[in-house]
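The block underneath contains the structure these notes are about, expressed in structure tokens.
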Amino acid sequence: MSTASEMPYVEGVHLQRTDENVREIAALAELLGEPAGLGGLLADLKYRVRRARVPRLLGRAVREAWRWDDYDERDEQWYPQGISTSADASDTEDVDGRRVLVTTWYSTGRDGTKRGSRVTFVDLDAGTYRHVLLVSPVLDEDGRLVLRPMNIHAGGIVWAGPYLHVAATSRGFVTARVDDIMRVPGDDDHPDRLGVDGTAVHSFGHRYVLPVRFTHQAFTDEGHEKLRYSFMSLDRSSDPPALVAGEYALRAGATTRLARYPLDPTTWQLSTGDDGFSRPLALDDGGVRQMQGAVIAAGRFHVSVSHGPWMPGSVYAGRPGSMRRRRCALPMGPEDLSYWPSTDRIWSLTEHPRRRWIVAMERAWFR
């Protein structure tokens, strides 16, 4: 497998992985017991999604759609953002025969408590899901375990092999491993607390937690502007497979770059050069203002754009710098994108309370 240093990579921006939180995660496992992992979580899904009867009413390209349960549909403390699927995670496109989605949410802190971010696993065949709180485990000077919220916007996620790569904007992205999902025992009577109290663990009311393993920190070469990792997706069709990242930009003049980083298909981690840095294979300044997600399907970029909480969303398709807009393709407030090859459909989700959907679009509609 070639490394980034052996490939024609792009100068200007790069990523560097931090040390792995091995001791910290082991300390958390001592408190919570053996990790449940993804299998344990999928056997304990609690809440239900509802399938839309007429999905095309939600957007011209929409062919499938689901809605969260009533509480999550209305909740103003958590906003959904990123999406990836078992088609990203596995060559077979499933997990133990199940079609599974994973989404991210970030905490607004509107009630005075910032809860960081979380991931949610959805079993499409069973119509059930459960939230998992992302946590940052730290050992203090006395060797005691401290849990901190993962305070990132989590605008995108890539499920690659056993890893979840979650966008962290100017910080780069963080990585967790699904095998590390841990169950918090008992009933948490402190939904506004996170941390360790003796042998008890509080997790903002979440039954499961997922500790972050490491961060891919974003750096900039001299004379260049730092890349913002606003959203991410996986391109399995390229050789090597690539992690696609892009920038959200609201104001005129802000960069709207799209980057592709090579992944090692044996580890599903970024390829690195001899200097320890990961550099992009491509960095195109040809995105679209207000883009919320980008994915490569059938050799072309597809980019979602939100027009606020009341107007339907658009999808732009084509090459960076010359993308064609398709209006009303999505419901209002669309976010991240993910591609499911065998069905030739592009998945997204919407963020605004009372207008929250998980949708699958027909890619051929964007030809």
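At a glance:
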item	result
Complete set of residues in the range 335-367 that are among the hydrophobic types (A, V, I, L, M, F, W, C), within 14 Å of the chain's Cα centre (by Cα) and over 15 Å from Arg56 (Cα atoms)	Leu337
For Tyr261: the one exception among (1) outside any strand (DSSP E or B); (2) within 16 Å of Val166 (Cβ to Cβ); (3) not polar (S, T, N, Q)	(1)
Scope the range 304-321; condition of a type in the set (A, V, I, L, M, F, W, C) and in a strand (DSSP E or B); matching residues	Val305, Val315, Ala317
Residue in the range 262-282 that is of a type in the set (Val, Ile, Thr), in contact (Cβ under 8 Å) with a residue 24 or more places away in the chain and surrounded by 15 or more Cβ atoms within 10 Å (Cβ to Cβ) present	yes
For Asp221: the one exception among (1) at pLDDT 95 or above; (2) within 30 Å of Ala282 (Cα to Cα); (3) of a type in the set (Asp, Glu)	(1)
From the options Glu64, Glu93, residue that is surrounded by 16 or more Cβ atoms within 10 Å (Cβ to Cβ), on the phi > 0 side of the Ramachandran plot and either part of a loop (DSSP other than H, G, I, E, B) or in contact with a strand residue (DSSP E or B) (Cβ under 9 Å, 6 or more places away or on another chain) (or both)	Glu93
Output for the range 217-234, where each listed residue is under 28 Å from Gly116 (Cβ atoms) and either in a loop (DSSP other than H, G, I, E, B) or over 14 Å from the mean Cα position of the chain (by Cα) (or both)	Gln217, Ala218, Phe219, Thr220, Glu225, Lys226, Leu227, Arg228, Ser230
Residues satisfying the stated conditions in the range 125-181, i.e. within 30 Å of Val13 (Cα to Cα), charged (D, E, K, R) and surrounded by 20 or more Cβ atoms within 10 Å (Cβ to Cβ)	Arg177
Which listed residue is in contact with a Lys or Arg (Cβ under 7 Å, 6 or more places away or on another chain) and of a type in the set (Asp, Glu), from Asp285, Asp275, Asp264, Asp239	Asp285
Contacts under 6 angstrom Cβ, first residue in the range 99-112 being surrounded by 24 or more Cβ atoms within 10 Å (Cβ to Cβ), partner among the acidic types (Asp, Glu) and not in a loop (DSSP other than H, G, I, E, B), 6 or more apart	Val100/Asp123
Output for the range 30-59, where each listed residue is surrounded by fewer than 16 Cβ atoms within 10 Å (Cβ to Cβ) and farther than 23 Å from Asp96 by Cβ	Glu30, Arg50, Arg53, Val54, Arg56, Leu57
Residue tally, condition surrounded by fewer than 23 Cβ atoms within 10 Å (Cβ to Cβ) and out of contact with any Lys or Arg (no Cβ under 7 Å at 6 or more places or on another chain), over the range 216-228	7
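The values are calculated or read from the model by the stated rules, or taken from the named source; none is laboratory data. Here the structure is a predicted model, which is why all the values come from computation and not from measurement. Backbone-built Cβ (ideal geometry, glycine too); neighbour counts: all protein chains shown.
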